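Here's the structure, in structure tokens; my notes come after.
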Amino acid sequence: MTELRVYLPIEDLQPQFAAYLSSPTRARGYPAFRGQNSLIIEVAPALSIHRITDLALKAAPDMEPGILFTERQFGLLELHADRMSDLEAAGRAILDGIDAKPADQLAPQILYHDIIEDLSDQHAIILNRSRDGSILVPGVALLIYEMAPALFACVAANEAEKAAPGAVLNDVQMMGATGRIFMSGTPAEMAVARDTITRKLESIKGRRA
């Protein structure tokens, strides 16, 4: 029995998020590019992700898998394509194959968010030592946002970048117990990004854990 935990289509990958998604620390397969579309799936048990991968790639072989990863409990697959129709075909094959529907996924939970204005130099330095994305500089406003399951950080980051394209996506933590976003810019940009993320997460249908 395969449990669908996350079924996440993402339209129009933004430049910073696409670059992050394709970084060596994340991508195991083909890199995604700006303007493409993505489908991200998380299932349990972890090894059932290989059946998901088989169903998807046989249904739409022109798609490219970017991430195929197994944690202790969960398996993760990221697929991307120029045409959303390819991802929709793959999604139908996956859902039919495990007898599930998108609403069977877990609903996102907003755990915490805050905007820290005028970031201090010591704070920026210690955050930069563990960053995976762009560097943080003192004086900016820093948006921090945490949600569960972790993969919802992906769509949150992409939507935030659409809403505040002049902001900097500093880090997206998409694996683990929770997802986290670190984004910086002006206070006004961070308020727009925060509100956009909240609206997006609240609009996603799913079951309660």
Flag if E78 is surrounded by 15 or more Cβ atoms within 10 Å (Cβ to Cβ), among the acidic types (D, E) and over 17 Å from the mean Cα position of the chain (by Cα): no
Residue pairs meeting the criteria (Cβ under 7 Å; at least 6 apart or on separate chains; first within 12 Å of L55 (Cα to Cα), in the range 79-95; second β-branched (V, I, T) and buried (at least 18 other Cβ atoms within 10 Å of the Cβ)): I94/I41; I94/I52
Scan of the range 24-66 for residues that are aromatic (F, W, Y) and modelled with pLDDT of 90 or more, ordered by number: F33
L21, sole failed condition from (1) modelled with pLDDT of 95 or more; (2) under 21 Å from P108 (Cα atoms): (1)
Identity of the residue in the range 28-42, surrounded by 18 or more Cβ atoms within 10 Å (Cβ to Cβ) and out of contact with any Phe, Trp or Tyr (no Cβ under 7 Å at 6 or more places or on another chain), that ends up nearest to Q73 (Cα to Cα): I40
Strands (runs of 3 or more DSSP E) fully within the range 99-209 counting 2 or more residues that are surrounded by 19 or more Cβ atoms within 10 Å (Cβ to Cβ) and among the small types (G, A, S): 179-185
Residues that are in a loop (DSSP other than H, G, I, E, B), under 21 Å from Q36 (Cα atoms) and in contact (Cβ under 8 Å) with a residue 24 or more places away in the chain, drawn from the range 53-78: A60, D62, M63
Near pairs, Cβ below 6 angstrom, 6+ apart or cross-chain, from the range 148-168 (closer than 11 Å to P108 by Cα) to any residue that is at pLDDT below 95 and not charged (D, E, K, R): A150/M174; A150/M175; A150/G176; L151/M174; A153/V172; A153/M174
Matching entry among I135, I125, I115 (being without any contact (Cβ under 8 Å) to a residue 12 or more places away in the chain, under 30 Å from D195 (Cα atoms) and more than 17 Å from the chain's Cα centre (by Cα)): I125
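The values are calculated or read from the model by the stated rules, or taken from the named source; none is laboratory data. None of the values given here were measured: they were computed from a predicted structure. Using ideal geometry, Cβ is built from the backbone for each residue, glycine included, and neighbour counts are taken over all protein chains shown.
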